[in-house]
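Here is the structure we will look at.
The values are calculated or read from the model by the stated rules, or taken from the named source; none is laboratory data. These numbers were taken from a predicted model, which means no experiment stands behind them. All Cβ positions, even for glycine, are placed from backbone atoms using ideal geometry, and neighbour counts span all protein chains on display. Surface accessibility is based on the protein's heavy atoms, side chains included, excluding ligands, DNA and RNA. Shrake-Rupley method; radii C 1.70, N 1.55, O 1.52, S 1.80 Å.
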Amino acid sequence: MDVFEGVAAEVPEGLADHLRTARLIDHHVHGASAVAVDRAGFEASINEASTDPIPAFMTQFDSPLGLSIRRWCAPVLGLPAHAGADEYFARRSELGPAELSSRLLAHAGVERWIVDTGFGGGLVTTPEQLAELSGRPASQILRLERMAEELLESGLESWSAADDFLHRFRGALDAAARSPHIVGTKTIAAYRTGFDIDWSRPSDDEVAARARAAMERPLRLQDPVLIAFGVHEAAERGLPVQVHVGFGDRDLDLHRTDPLLLLPLLRAMAPVPVLLLHCYPFHRQAGYLAQAFDHVHFDVGLAVNHLGTRSIGLIAEALETAPFAKQLYSSDAFGPPELHLLGSVLWRRAMGLVLGGWVRAGDCTEADAIRIVDMIGAQNATRVYRL
Amino acid sequence: MDVFEGVAAEVPEGLADHLRTARLIDHHVHGASAVAVDRAGFEASINEASTDPIPAFMTQFDSPLGLSIRRWCAPVLGLPAHAGADEYFARRSELGPAELSSRLLAHAGVERWIVDTGFGGGLVTTPEQLAELSGRPASQILRLERMAEELLESGLESWSAADDFLHRFRGALDAAARSPHIVGTKTIAAYRTGFDIDWSRPSDDEVAARARAAMERPLRLQDPVLIAFGVHEAAERGLPVQVHVGFGDRDLDLHRTDPLLLLPLLRAMAPVPVLLLHCYPFHRQAGYLAQAFDHVHFDVGLAVNHLGTRSIGLIAEALETAPFAKQLYSSDAFGPPELHLLGSVLWRRAMGLVLGGWVRAGDCTEADAIRIVDMIGAQNATRVYRL
Amino acid sequence: MDVFEGVAAEVPEGLADHLRTARLIDHHVHGASAVAVDRAGFEASINEASTDPIPAFMTQFDSPLGLSIRRWCAPVLGLPAHAGADEYFARRSELGPAELSSRLLAHAGVERWIVDTGFGGGLVTTPEQLAELSGRPASQILRLERMAEELLESGLESWSAADDFLHRFRGALDAAARSPHIVGTKTIAAYRTGFDIDWSRPSDDEVAARARAAMERPLRLQDPVLIAFGVHEAAERGLPVQVHVGFGDRDLDLHRTDPLLLLPLLRAMAPVPVLLLHCYPFHRQAGYLAQAFDHVHFDVGLAVNHLGTRSIGLIAEALETAPFAKQLYSSDAFGPPELHLLGSVLWRRAMGLVLGGWVRAGDCTEADAIRIVDMIGAQNATRVYRL
């Protein structure tokens, strides 16, 4: 596969060669599908925002992501580029999940996966399975709300007092901070409360009271105090904090996930690396925050996949105000291994076209462009997560 | 007229030919000027956002829309492309409204007009007149607030009780749902309340009480309960609901027309087709909603005209997260028939350049691009409005 | 220096020549560094949003602005284009502040500077010094909050009553309105209150009461009543009002500086020219306001510098809905004279590429493009500030 097929004349050769082979760190990713999915399941898995089945009057292949799957993944499965949707789905179904994953993952050129294991257990591969299928190591991200939920659920049976919650939560974070596998944490406050909450550090008493209340119905943690508590506790242990921002399914109120609403948190928290994830359509706001705060970083993962060829414009906009040391690569792939591959393909292609345009116009040197690729593709992640 | 003049090398030939001749459904449009306008009136009519006359220190021709009028409409009136503003205005004045409209409308390549008749009565053509001038049929959109206002005004004389409002409003909607001419409804909540209102379905008692209050001063309906009532009633009858979103005159608070503020409505309403109109500068948010909800669709009409050649960037951004089955074409032209033509010309040109770029880079096939044109240009409207 | 080096083929020759030599009015700028700065100081001065030193793990040269400094300023200092960061910093240090400024300012092609003197006294040149270093005249902008602070501080010793504040503030504005040097005023409400305040005109009694309260702790004026008072008083004297909007350091809450939040002010104030400054990432919203209100104008200064080569996309987006008579040029340079030069270089280059693209596609004539350059580059400022 040549990620610059069709546009090779627009990307200086040295930069193109570098981008073809650079090893990336995918700093926010999930497992690949561990089980076979039917056509309806596959269609739903390539729509991020809806929580319903794709309606009968359309196919989700008719989207920028669908076009990119047919363009880039079909050849990896032995079909011609742009194979039709039916043909493509038939072919991927023939292969079975493991074979499909190994074929697609092999082309991603990812050096290391940093896996969020907080969602989809059973349906997608574990970090160990992902590592095995791809031949590359996998680190882990601890999802704070999920950990709190597990503690609260277990507490229903065995705890003598909600005060134990603080103790156990802190103990679990201490263990995470010591673990060689866990390199950071993540909050999905976007889904649970939105960002327009009181982000100040709560007192232990308040946390205990809220934990007690949450134990009554612990399945879905939505208490802003407990969410803020988790983030502050993680930060105080020096653990990087990933934050889901913007684009996601419609359970969230998108306008309440504008990263600017995080200003009170960013100003008050211990200055561990904060990683704003996805960020679309607020990526310009995220870039601003990455210039404004030493500890703030961001990516445009997930959106790169869903915008397909329009990821070129997105990546150009992401390269506006943030220093190059503050941006990272991720796919945010979840489920279809097409997404693990496409994140990488589309990012490489877009970086080549955007930075290649800069080089061709004399706005920077080819060596500068290659250095920017290396920083965003891997070096920043290595520094942030101390890999 | 060749909409690809000057850029033909950038648009693959088959796609260009298709776009030159494809018949569009203009799914949201108003009448063309029925009376002659003087220079000041014309200048004001090509500024969307202001409600004042254009100031003496400038001409509205000095705008992206003004450049596009001189570029594309002058030749249709027998002038050279880029004729000066004075020359252009003199020429259009010579022709008179009917001749001007037939000349310009003839080049729009519109198969069917779907006309919002809720504003500008007398100054602009009726749907019947528009159909006659263009030789193409016109369907109609019922403006909900306008219908409510008419009922409330008539009620001042003849109603025994405000309860009649519910009965009559429902009766009028029932009739609309049966009418072969009316294919949908529209709300201008953007202008009356903004979107940050309580969108839950009100009880009949509350509606009656609000109707009683509104009858005291019925000229301009701004009661959020009555507005929400209208939308829910229309939806429950299966009538598509158009929603003015974003770009419009300064009577609205633009930030309170961010379509994300409609989330409570979109989650709660009967899932009839919702058509988010215009959407600029919130078109990325609109595209997200179109991915998130089966029943949500959008367009970037009105803005395409006002951005002139920059509509290329807008249309590129509109093709980011929404499935291709969820986007429609409209001009939102009101008054000068230049706008009825330009909407079509600029959309065709931009679609050719954006999709043509995709094809040339190998990101999709030419057949894909042509299919996307057909979906957005006409097929989606045919499905949504059951034409 | 040729601002079209590397892209000459994309800019029609007549337009390029015009842009190479057009004299600009930099309608919002600050002084150039008056004292030598060390490496840490220089790095901090090319990061707008942070208020901390640049962290040790990075250099601010690794940013779009850093690339542009190395690209465009290095040759002016006798280095090759793209000289390394260390080499560049060593060379600029050799020259000393005055020599550095005269070299860089000489290439800016600025006809007149309009200088905001409200910040940085002592560290940067006065308007007189800037005029001398550049050989071009400098007008001044009066910062409203700063003037109020000075009055309140002096009042701590000598005033018999806070009522004097109104009298003195008005007297100072009357003097400003008569001054041949002062051509306008500026508010930094963005930094002090955000825009979501009550913008109605306060009564004299309320102002006096607030002034009395502010005298208790007058160092930083943050009272929304006093801020609104200042703006209304300036407007009533016919003085243009510049408003800091959007992009700036993290002391402001960026989302509370969306210019749409100024709607209540724009609707209520005396219609003197309002100049929305910077505006990124809300420049589309600013363009809309410039179409909606006769008295509203805007620029994308500051952001043009910080986006480096990506200013091309920004300037394209700024040319969407605003009439060309409503946009101005500024650098918002403060400190390093690199910024005074780059604002001009990047603006010329971007205008050439954006408008040149329009001309090449036949979307406007070269004469139109040149006229747009002249309006935005100087004529609109001449009209607005009655120069």
Distance between Cα centroids, region C:278-348 to region C:76-111: provide it in whole Å. 24
Peptide-level mean, for B:283-294, of C-beta atoms on other protein chains within 10 Å: 6
Note on chain B: contact order normalised by length, alpha-carbon pairs under 8 Å, 6 or more apart, percent, works out to 23
Candidate cut points under chymotrypsin sites (Phe, Trp or Tyr not before Pro) in region C:1-64, DSSP loop plus at most 13 other Cβ atoms within 10 Å of their own Cβ, are C:Phe57
Give the chain A residue with the shortest beta-carbon distance to the rotation axis relating chain A to chain B, plus that distance as a whole number of Å. A:Gly313, 5
Separation of region C:1-52 and region A:187-265 by C-alpha centroid, Å? 42
What is the calculated FRET efficiency for A:Ala209 to C:Leu387, with r their C-beta to C-beta distance and R₀ = 56 Å, to the nearest 0.05? 0.30
Averaged across B:251-261, how many Cβ atoms of other chains sit within 10 Å of each residue's Cβ atom? 4
Considering only C:Leu219, C:Leu152, C:Leu166, give the residue with the highest GNM mean-square fluctuation for chain C, with springs between Cα atoms whenever their separation is below 10 Å. C:Leu219
Taking a cut-off of 27 Å between Cα atoms, list the lysines near C:Lys326, but don't count ones fewer than 8 places away on the same chain. C:Lys186
Pairs of alpha-carbon atoms within less than 8 angstrom and 6+ residues apart define the contacts here; what relative contact order does region C:159-307 have, in percent? 24
To the nearest Å², the heavy-atom accessible area per residue of chain B with 1.4 Å probe amounts to 32
Could you report the buried accessible area between A and C, both sides summed, computed with a 1.4 Å probe and given in Å² to the nearest 100? 3100
Counting Lys +1, Arg +1, Asp -1, Glu -1, what net charge surrounds A:Glu10 among other residues with beta carbon under 15 Å of its beta carbon? -4
Theoretical ellipticity at 222 nm over the protein assembly as shown - DSSP helices of four or more residues, -39500 (n - 2.57) apiece, nearest 500: -13500 deg cm²/dmol
Quick one: grab the alpha carbon gyration tensor of region C:279-353, order the square roots of its eigenvalues as a ≥ b ≥ c, and give me rounded if a/c is under 1.5, else prolate or oblate depending on whether a/b is larger than b/c. prolate
Percent relative contact order of region C:33-88, based on C-alpha pairs within less than 8 angstrom and at least six residues apart? 21
How many percent of the accessible area of the protein assembly as shown is carbon or sulfur, using a 1.4 Å probe? 51
